[in-house]
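Undergrad: My structure is below; once you've seen it, I'll send some questions.
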């Protein structure tokens, strides 16, 4: 089982998780098929060692253990796996410093994607 980055990352794309990943398994999509691969980060399921270091670092609370992904985000699990078929269109994400979202921004993002809190 791998960790999964859910749509809570979409268009937020904070890379705090990248800086703590010991195996560089967090990728960004560089291809042109943005309908299939939206603007977010992706964890390569075969490279993830399930260490969990990324989860607490995500300020948007977008990362879950695969078996605990909320039902509303279940489609995000196969999306992370789909990247394995298009690896040439992905690259390891660089780690960049971002301003941390406020608690209100995090809650608004969760509501936007249908996660009741």
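The values are calculated or read from the model by the stated rules, or taken from the named source; none is laboratory data. Everything numeric here is computed off the predicted structure, so don't read it as measured data. Because the Cβ atoms are built from the backbone with ideal geometry, glycine has one as well, and the counts that use them run over all protein chains shown.
Undergrad: Of the numbered conditions (1) closer than 26 Å to residue 114 by Cα; (2) surrounded by 12 or more Cβ atoms within 10 Å (Cβ to Cβ); (3) at pLDDT below 95, residue 1 fails exactly one; give the number of that condition.
TA: (2)
Undergrad: Still on this structure: Tally the residues that are assigned to a helix (DSSP H, G or I) and surrounded by 14 or more Cβ atoms within 10 Å (Cβ to Cβ), restricting the search to region 67-85.
TA: 8
Undergrad: Return yes or no: is residue 17 within 28 Å of residue 116 (Cα to Cα), in contact with a helix residue (DSSP H, G or I) (Cβ under 6 Å, 6 or more places away or on another chain) and buried (at least 19 other Cβ atoms within 10 Å of the Cβ)?
TA: Spelling it out, residue 17 is indeed within 28 Å of residue 116 (Cα to Cα), in contact with a helix residue (DSSP H, G or I) (Cβ under 6 Å, 6 or more places away or on another chain) and buried (at least 19 other Cβ atoms within 10 Å of the Cβ).
Undergrad: Okay, next question. Within region 22-65, how many residues are touching a helix residue (DSSP H, G or I) at 6+ places or on another chain (Cβ under 6 Å), more than 16 Å from residue 12 (Cβ to Cβ) and surrounded by 13 or more Cβ atoms within 10 Å (Cβ to Cβ)?
TA: Counting residues in region 22-65 that are touching a helix residue (DSSP H, G or I) at 6+ places or on another chain (Cβ under 6 Å), more than 16 Å from residue 12 (Cβ to Cβ) and surrounded by 13 or more Cβ atoms within 10 Å (Cβ to Cβ) gives 2.
Undergrad: Moving on to the next point. Identify all residues within region 96-117 that are surrounded by 14 or more Cβ atoms within 10 Å (Cβ to Cβ) and either within 19 Å of residue 28 (Cα to Cα) or touching a helix residue (DSSP H, G or I) at 6+ places or on another chain (Cβ under 8 Å) (or both); write none if there are none.
TA: Within region 96-117, 101, 109, 110, 113, 115 qualify.
Rundown of residues vs (1) touching a residue at least 60 places away in the same chain (Cβ under 8 Å); (2) under 16 Å from the mean Cα position of the chain (by Cα); (3) in a loop (DSSP other than H, G, I, E, B), yes/no style:
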position: 88; (1), (2), (3): no, no, no
position: 105; (1), (2), (3): no, no, no
position: 110; (1), (2), (3): yes, yes, no
position: 114; (1), (2), (3): no, no, yes
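Undergrad: Does residue 11 fit the bill of being surrounded by fewer than 18 Cβ atoms within 10 Å (Cβ to Cβ), in a loop (DSSP other than H, G, I, E, B), at positive phi and in contact (Cβ under 8 Å) with a residue 40 or more places away in the chain?
TA: Numbers: surrounded by fewer than 18 Cβ atoms within 10 Å (Cβ to Cβ): yes; in a loop (DSSP other than H, G, I, E, B): yes; at positive phi: yes; in contact (Cβ under 8 Å) with a residue 40 or more places away in the chain: no.
Criteria not met by residue 11.
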